[in-house]
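Undergrad: The structure under discussion is supplied below as structure tokens; questions concerning it will follow.
We did not get these values from a lab; they are worked out from the coordinates using the rules stated. Just so we're clear, the structure is a prediction, and the values are computed from it rather than from any experiment. Here Cβ is always computed from backbone atoms with ideal geometry, including for glycine, and neighbour counts include all displayed protein chains.
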Amino acid sequence: MERVAHDGVLVVGAGLAGLSAALAAAPRKVLVLTAAPINHGCSSAWAQGGVAAALSENDAAELHARDTIAAGAGLVDRSVARLLAEEGPEAVRRLAELGAPFDRTDDGRFAQSLEAAHSRPRVARVKGDQAGRAIMEAVSASALAARHIVVRPGFRLRGLLQDVRGRVRGVIAEHRGRLVEITAPAVVLATGGVSGLYAVTTTPAELRGEGLGLAALAGAVIGDPEFVQFHPTAIDIGSDPAPLATEALRGEGAKLINAAGEAFMARYHPDAELAPRDVVARAIHAEREAGRGAFLDARDAVGEHFPHEFPGVFAACMAGGIDPRTQPIPVAPACHYHMGGIVTDAQGRTTLEGLYAAGECASTGVHGANRLASNSLLEAAVFGRRAGEAAREAEAPDGRPLRTAPPPVLPETALQQLRRAMSRDAGVIRNAEGLTRLIGEIDELEARYGRTPELVAARLVSASALQRGESRGGHYRTDFPDLAPARRTFVTLSDIPASAALRFAAE
């Protein structure tokens, strides 16, 4: 195995969180590893709505924090929510300074959209639905130009290096079929979420919880893994991943209708189209299950303005044979975001010394049971920067890490089996019977292929969902439709035995 010693910060992942950490770690040397070419294979570049922040005169960080806490259904860490909201405006201004071309009003202020569960229009956008791509182009250009950063594409994370005390000392990566051991004083995981573990997802399919699984295998504490957000309005044209019809369309007045042309959201929630995402996702799921279908009708709200106001949605629809100017868009819920992740403090430190995490793979406590719309890019920018600043101060410990083999690789056929099982039993609607069946299937796959990171991540989601006997936020149990006393989940892999399905089912 090739061995490389890096005297600086090692960042795994080149989305907004990873590159924010890399930029903030200056002047310390930073090595960024990414499996895909930069600006590809990351959810940040696919984000449509924008970045939520209290930028207008009739808004305030206190109001943004309040909306974040309300959306999180009782599990948000209030101090972290306040921190995110307070640092939000400066984070947006910093992105603008890097070159992100946010839409502006005639007087030069940030144009802001209203999205679900926000009490004010506060989502800074780019050309309607181009925020993620435009932001990532600006941040990527800055990272590539920074003298302290080296970006290495084509490196897939395969394992974490630890010493005898459990301190993380680097990573094992795979490059062109060969394993490389890279040591570093600090490792920042910014590996994205788990949506690629589901059959229908709005994110790059490569994001399948490998960073989460590897951190759990190393002994890190994982927070709230059962809370998965399903975006209600993926465009249902049979694509994998599914293109997204941004929530901003509903903010502009688009309506959800069934095949009979009836607007149905008022039957499910008083806020109708602007209800929290989990409510809208379940409503669409219910309409589809009842055979009535679900469509997003933006003909009156956007109509002929589609090509220039929402070019991404327009292009995706036209590619699928739908003209959204004259036709309702068929929609379905799809796995979109993981509220859970590797537990960190406000500086990105995990429970393992030497390991930091930021972005969707981290659990700061800011999202609770249901992420507020457009808080994801904000969290990546704010806490990515904080993680980079903290990792910059890490000192190289004495001694060498232990030599360990990386975990096995899950074959593609087995991955597709897992994706179908996760969508079937750990999706928008859950119950004990389905979750028990799912964990049994994970057991069988693990017995056949070994404890792969994907199977570990899936086990954490499903076992924690089975143990949470209530419905809260993005986690809905038909057999436990009511709320139980609020509690967060903090779990290590050793807390979940291989016989989890049997143990939880018996309780």
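Undergrad: Relative contact order, percent, of the chain when contacts are C-alpha pairs under 8 Å separated by at least 6 residues? Display every interim value, and only then the final one.
TA: Values: 1250 pairs, mean separation 112.1, N = 507.
The value is 22 percent.
Undergrad: Moving on. Got the relative contact order for the range 372-507 handy, in percent, Cα pairs under 8 Å and 6 or more residues apart? Before the final figure, lay out the partial values.
TA: Values: 106 pairs, mean separation 31.4, N = 136.
It comes to 23 percent, rounded to a whole number.
Undergrad: For Cα pairs less than 8 Å apart in space and 6+ apart in sequence, what is the mean separation divided by the residue count of the range 232-333, i.e. the relative contact order in percent?
TA: 36
Undergrad: Give the distance, in whole Å, between the Cα centre of the range 207-256 and the Cα centre of the range 319-369.
TA: When both Cα centres are located, 5 Å separates them.
Undergrad: Additional query: From the residues Val194, Phe155, Gly251, which one has its Cα farthest along the dipole of the range 150-282 in the positive direction, the dipole being from +1 and -1 charges on Cβ of Lys/Arg and Asp/Glu about the Cα centre?
TA: Phe155
Undergrad: Return the whole-Å distance between the Cα centroid of the range 1-80 and the Cα centroid of the range 407-469.
TA: Centre-to-centre (Cα) distance: 27 Å.
Undergrad: Find the all-direction average of the projected area of the Cα convex hull for the range 232-333, expressing the result in square nanometres with one decimal place. Walk me through the numbers before you get to the answer.
TA: Working: hull surface 23.1 nm².
That works out to 5.8 nm².
Undergrad: Just one of (i) 67, 59, 42; (ii) 72, 64, 53; (iii) 93, 60, 43 is Cα extents along the principal axes in Å as worked out from the coordinates here. Which one is it?
TA: It is the one labelled (i).
Undergrad: So what's the net charge close to Phe310: Lys and Arg +1, Asp and Glu -1, counting the other residues with Cβ under 15 Å from its Cβ?
TA: On the way: positive: Arg125, Lys127, Arg133, Arg250, Arg299, Arg325; negative: Asp103, Glu115, Asp129, Glu247, Glu252, Asp297, Asp300, Glu304, Glu309, Asp323.
Net charge around Phe310: -4.
Undergrad: With runs of 4+ DSSP H residues as the only contributors, calculate the mean residue ellipticity of the chain at 222 nm using -39,500 (n - 2.57) per run, divided by the residue total and rounded to the nearest 500. Working shown, then result.
TA: Values: 14 runs with 166 residues, N = 507.
Computed ellipticity for the chain at 222 nm equals -10000 deg cm²/dmol.
Undergrad: Could the peptides 433-440, 106-113 be put in order, highest first, of the mean number of other beta-carbon atoms found within 10 Å of their residues? Before the final figure, lay out the partial values.
TA: Values: 433-440: 20.6, 106-113: 15.1.
Ranked by mean Cβ neighbours within 10 Å, highest first: 433-440, 106-113.
Undergrad: Which net charge results for the neighbourhood of Gly348, defined as the other residues with beta-carbon distances under 10 angstrom from its beta-carbon, given Lys and Arg at +1 and Asp and Glu at -1? Numbers along the way, then the final one.
TA: Details: positive: Arg349, Arg385, Arg386; negative: Asp345, Glu389.
That works out to +1.
Undergrad: Moving to a separate point now. Could you tally the net charge around Thr489, taking each other residue with its Cβ under 13 Å from the Cβ of Thr489, Lys/Arg +1 and Asp/Glu -1?
TA: Values: positive: Arg468, Arg472, Arg487, Arg488; negative: Asp224, Glu226, Glu470, Asp495.
Counting the neighbours of Thr489, the net charge comes to 0.
Undergrad: Are there any GluC sites (Glu not before Pro) in the range 32-90 that are in a DSSP loop and have at most 12 other Cβ atoms within 10 Å? List them by number.
TA: Values: sites: Glu57, Glu62, Glu86, Glu87, Glu90; in loops: Glu57.
Of the GluC sites (Glu not before Pro), the ones in loops of the range 32-90 whose Cβ has at most 12 other Cβ atoms within 10 Å are Glu57.
Undergrad: Each residue of the range 168-174 in order: what ³J(HN,Hα) in whole Hz does its phi give by Karplus 6.51 cos²θ - 1.76 cosθ + 1.60, θ = phi - 60°, with x for Gly and Pro?
TA: Each residue's phi maps through the Karplus curve to give 6, 10, x, 9, 10, 10, 10 Hz.
Undergrad: Here is a further query. What order, most packed first, do the peptides 304-312, 330-338 have when packing is the mean number of other Cβ atoms within 10 Å of each residue? Intermediate results must be reported in sequence, preceding the final value.
TA: Working: 304-312: 16.6, 330-338: 26.0.
By packing density, highest mean first, the sequence is 330-338, 304-312.
Undergrad: Now a separate question. Helix check for the chain. Which DSSP H runs span at least 27 Å along their own axis by Cα, with a mean Kyte-Doolittle hydropathy no less than -0.5?
TA: Correct list, ordered by number: 78-98.
Undergrad: Using modelled amide H (1.01 Å from N, peptide plane; none on Pro or chain starts), what sits under 5 Å from the amide H of Ala47, excluding residues fewer than 5 places away?
TA: It is Gly132, Arg133, by chain and number.
Undergrad: Something else now. Just order 207-213, 69-75, 38-44, 161-167 by mean Cβ neighbour count inside 10 Å, highest at the front, would you?
TA: Values: 207-213: 28.7, 69-75: 20.9, 38-44: 23.4, 161-167: 15.9.
Result, highest mean first: 207-213, 38-44, 69-75, 161-167.
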